[in-house]
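Notes follow once the structure below has been shown.
The values are calculated or read from the model by the stated rules, or taken from the named source; none is laboratory data. Computed from a prediction, not measured in an experiment: that's the story for all the values here. Cβ coordinates were reconstructed from backbone atoms using ideal geometry, including for glycine residues, and neighbour counts include every protein chain displayed.
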Amino acid sequence: MADWGTGRGGSRGRVGTWDAARRRARALAWPGGLAIFGQAAADRFRNWAIADTGPGRLLPWLPVAFGLGIALYFTAEREPAWWAGSGLALFCCTIAVAVRRRPIAFPIALAFTAVAAGFAVATLKTARVAHPVLARPAGNVAIAGFVEVREERERTDRVVVRALSFEGNRLEQKPDRVRVSVKKGTAPPVGSYVTFRARLNPPLEPLRPGGYDFARDLYFQGIGATGFVLGQIRTAEPPSPPGLWLKYAAALQGLRDGIDARIRAVVPGDKGAIASALITGKRDAISAPVNDAMYVSSLAHVLSISGYQIRFVSRGVHERSRA
């Protein structure tokens, strides 16, 4: 007969072994194990948060949050009301001020404030630059206005004109500013009052889903139509004197033209054209093969104007003088 008290005989031993395994499984069951795992994860995240919330370490994330707010604005299905974005930003700012002494709540509130600020700034910018946009192509439109921007390009020149007079057939919208192409070498200087006839088109939509949105870029530049001049573009006596901003733009354009002419006179060819593009932004003198090579090699961004490019040129000139 089996001795149930001592575990001899097999059955008692099997039951005891099963009870021990069950106790070990119960000890390693999900609640207890999950609690240990959760505590370790919480400690790890707490240490990361303490390290990342050191002096100034979270500050670089504010521009990221601000840009996220702008991206959220452009993903909206319809135009948000400007007062809604501003009210949300003000509410988040109030919450951030209220919790400024809390080490965890304050960074979180500040991040939401930056996102709301980016959203609000995008809505206010859109409301500020709101202007008419040409709805359908229009031919033989008579335009008169002041030249605000002049671009000298490889094959044609391009000007941006603030239209004071806009006449044409079946025009539902009359844009305030248009960008038109003219024959090479015929673009009038900035500040000139010009009259011409042009064929205009609405700003170009993205060529493919998710592609570059030319229309959005032109909208925020205040340009409501693009096209080309029919015939000649003529300068005339303005009906009213240009404003202070237009005078400033004309003076700045004259300074750029003078610097560009001086650089290309001293350094001919593509070398002088690239040097002028780095300093003045005038890229029309760069030949097509060199321009294509810059894009293929992903160096076209070097031609953009910024302090980095100025330091780049200055450093190169300095090293050249030391050699």
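Residue count for the range 133-179 under the criterion of being out of contact with any Lys or Arg (no Cβ under 9 Å at 6 or more places or on another chain) and hydroxyl-bearing (S, T, Y): the result is 1.
Residues in the range 186-216 that are farther than 19 Å from S165 by Cβ and among the small types (G, A, S) were compared, and the one that is surrounded by the fewest Cβ atoms within 10 Å (Cβ to Cβ) is G210. Taking (1) under 30 Å from P289 (Cβ atoms); (2) surrounded by fewer than 18 Cβ atoms within 10 Å (Cβ to Cβ) in turn, Y219 satisfies each apart from (1).
This table checks each residue for (1) within 28 Å of the chain's Cα centre (by Cα); (2) farther than 19 Å from T156 by Cα; (3) in contact (Cβ under 8 Å) with a residue 24 or more places away in the chain; (4) not assigned by TED's automatic domain parsing to the domain that holds A300.
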position: A249; (1), (2), (3), (4): yes, yes, yes, no
position: G254; (1), (2), (3), (4): no, yes, yes, no
position: R262; (1), (2), (3), (4): no, yes, no, no
position: V266; (1), (2), (3), (4): no, yes, no, no
position: D270; (1), (2), (3), (4): no, no, no, no
position: A273; (1), (2), (3), (4): yes, no, no, no
position: L278; (1), (2), (3), (4): yes, yes, yes, no
position: G281; (1), (2), (3), (4): yes, no, yes, no
position: D284; (1), (2), (3), (4): yes, no, yes, no
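When K183, K174 are screened for being farther than 30 Å from A285 by Cβ, among the basic types (K, R) and either surrounded by fewer than 13 Cβ atoms within 10 Å (Cβ to Cβ) or not assigned by TED's automatic domain parsing to the domain that holds A273 (or both), only K174 passes. Scan the range 148-169 for residues that are over 24 Å from the mean Cα position of the chain (by Cα) and within 15 Å of A225 (Cα to Cα) and jot them down. Across the range 148-169, the qualifying residues are V161, R162, A163, L164, S165, F166, E167, G168.
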